[in-house]
Each structure stands twice: as C-alpha cells, then as structure tokens.
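In what follows, a structure is listed as structure tokens, so that the remarks can point back to it.
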Amino acid sequence: MSSSAAQMNAVPPTGPVKTIQLENKIIAITGANRGIGLGIADCCLSNGASRIYSLDIGQPGDDFSALSTKYPGQLFALQADVTKEDSIQAAIDKILEEAGGLHGMVANAGRTKHKPALDFTTEEIDQLWSVNLYGAFYTARCAARAFIKQGVKGSIVFTASMASHRPNKRVPSAPYGASKAGIKNMTHTLAMEWAQYGIRVNSVSPGLVKTTMTYWVEQQPDWEQQLKYYGGIPRLAEVEELGGAYVYLLSDAASYTTSIDVPVNGVIGIC
C-alpha cells in the first residue's frame, strides 16, 4: 500500500466516530423522486445531512415537494438516466460544482417485473438489467471517481433485494433476482477494489415495502393467510423503516464496515 493510500485509510486523529449522524455530508440518491429513494432521503435529512440530491429520470411529485418544504434548501432534484454513464457523470459534476463536494452515493434506482421465466421477452430483460445492474454499476463508478478526485472517504450503498438471497415464492422473476444478485456481488468486489482509496461499498436488501410498485400485495384476497403462513412481522414495511440501515452505512460510524449486505425484511418468509 502506498503512503497516500495508507494516509487515506488512517483512523482520524480524534479517533473513531461514535455517533451515527450525517452532519455536513452531501449525498446523492438515484431514483429518489419517490418511493424507497425518497424515504432514504427523508431519513438522511432527519439525521443531519447537509444536502440530498435525487438523480432521477422523471419529474418530482407532491411527496418530493412536501419533503423539500420541510427541509428548505437541502433537497434537490437533478434529471439523470442511470442507463447512460455520461448522464450520471454530468449530474455528479453539477453536484460538485454547485455543492462543493460529494460524500455518499446511494445506487437505488430500479425496475421490477414479475412473470414466469419462459414468458420474458428479450426487451423486458434488457430493460430490467439496464437499470438494475448496468445503472447501479455506472452510478457506483462515477461516484468512486468523484470520491478519488476529492480525496474523501466516500460511501456507496446499493439497494439490492431479498430476491438476491432467495426467490419470491409468490411472484418469481428470474431476471429481476439475477440483477439484484449481481448487485450483491458488485458490493463485495468493488469494496475489495476500492478499499485502497478509503471508499466503502455496502448494500441493503429490502423485503416487502409499501410503494406504488407493491400496492397490489395487500390487495390479494388471501394476504392475511399468507402472512400467517410465512411468519415474521405481519405487514409491509414503510419506506422510512429502511432508512436506518442506509444512514448507518453512509455515516462515519461505519468507517470499518464494508462489503456487507443488510437485509431489512421483517423476517417474512415470502421472499
């Protein structure tokens, strides 16, 4: 290890950080205009983050506006397409120019589609993998370049899925599960590659979360019976309930935590 790399990885003179907080940190989250990403943004801001940038292909809605009103001058939306690396790079360059730094990146943007493997079209598979797998890799690589350029000990957190651990018994999706399993492998591999720069790489694997993409889950006529059968906490998670895992992994309290996946699934056995 070079002297510069050793210095990058040295414990701060004041010693390890003992509190989980994001004071003075500038964090970008892909796909944070709504859903899980917006819930992560809310939790980061609640724990002292200086600025949060949502990098999303769509336009922010009412929920985003409400959170922006709650934290004036701290929540911003930039349009970016994660399937195009130059689009992510341009957004990060804008953050560096506008905010003066970047300390954390959450590669959260994702798509889902559930159907039998024999019925998937090539186009549908490409759409899933372009966002979930390629997009996550491009996002992480652009963030790493920014961290190295700044000389900061940055943190990258991927949104994986419990589908990366085991199949969803009710609605399987081989391409979706494969994309999220790929994220888990990237977490471990990139953590090993980038440790020399002081960059930590981890992931969070949500289970069943209440979002616009999962509205149908609780509407199933046998949902209550499913919960009794599968066990665990008998409900879907609120998006904000995932935030604690991300806040910890983004914080300096996790300075020696890298290459891990944190399942947040209420131990429900359905996925």
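Brief remarks on what is shown
- For beta carbons closer than 9 Å, sequence separation of 6+ or different chains, a first residue in the stretch 186-206 that is free of Cβ contacts under 8 Å to residues at least 12 places away in the same chain and a second that is open to solvent by 10 Å² or more (accessible area, probe 1.4 Å), the qualifying pairs are Thr189/Ser259.
- Within the stretch 143-186, the set of residues being charged (D, E, K, R) and closer than 16 Å to Leu96 by Cα comprises Arg145, Lys149, Lys153.
- Residues (in a helix (DSSP H, G or I), closer than 19 Å to Ser164 by Cα and open to solvent by 30 Å² or more (accessible area, probe 1.4 Å)) located in the stretch 187-216: His188, Thr189
- Condition met for Ile40 (under 21 Å from the mean Cα position of the chain (by Cα), assigned to a helix (DSSP H, G or I) and more than 19 Å from Val247 (Cα to Cα)): no
- Where a residue in the stretch 217-236 is at pLDDT 80 or above and its partner, wherever it lies, is part of a helix (DSSP H, G or I) and open to solvent by less than 90 Å² (accessible area, probe 1.4 Å), with Cβ under 6 Å and at least six apart: Pro234/Leu227
- Flag for Gln74 being closer than 22 Å to Ile20 by Cα, of a type in the set (S, T, N, Q) and open to solvent by less than 60 Å² (accessible area, probe 1.4 Å): yes
- So Val264, is it of a type in the set (Val, Ile, Thr), touching a helix residue (DSSP H, G or I) at 6+ places or on another chain (Cβ under 9 Å), modelled with pLDDT under 95 and surrounded by fewer than 19 Cβ atoms within 10 Å (Cβ to Cβ): yes
- Residue in the stretch 222-235 that is surrounded by 14 or more Cβ atoms within 10 Å (Cβ to Cβ) and among the hydroxyl-bearing types (Ser, Thr, Tyr) present: yes
The values are calculated or read from the model by the stated rules, or taken from the named source; none is laboratory data. Worth saying up front: this structure is predicted, and the values here are computed from it rather than measured. All Cβ positions, even for glycine, are placed from backbone atoms using ideal geometry, and neighbour counts span all protein chains on display. Heavy atoms of the whole protein, side chains included, go into the accessibility calculation; ligands, DNA and RNA do not. Shrake-Rupley method; radii C 1.70, N 1.55, O 1.52, S 1.80 Å.
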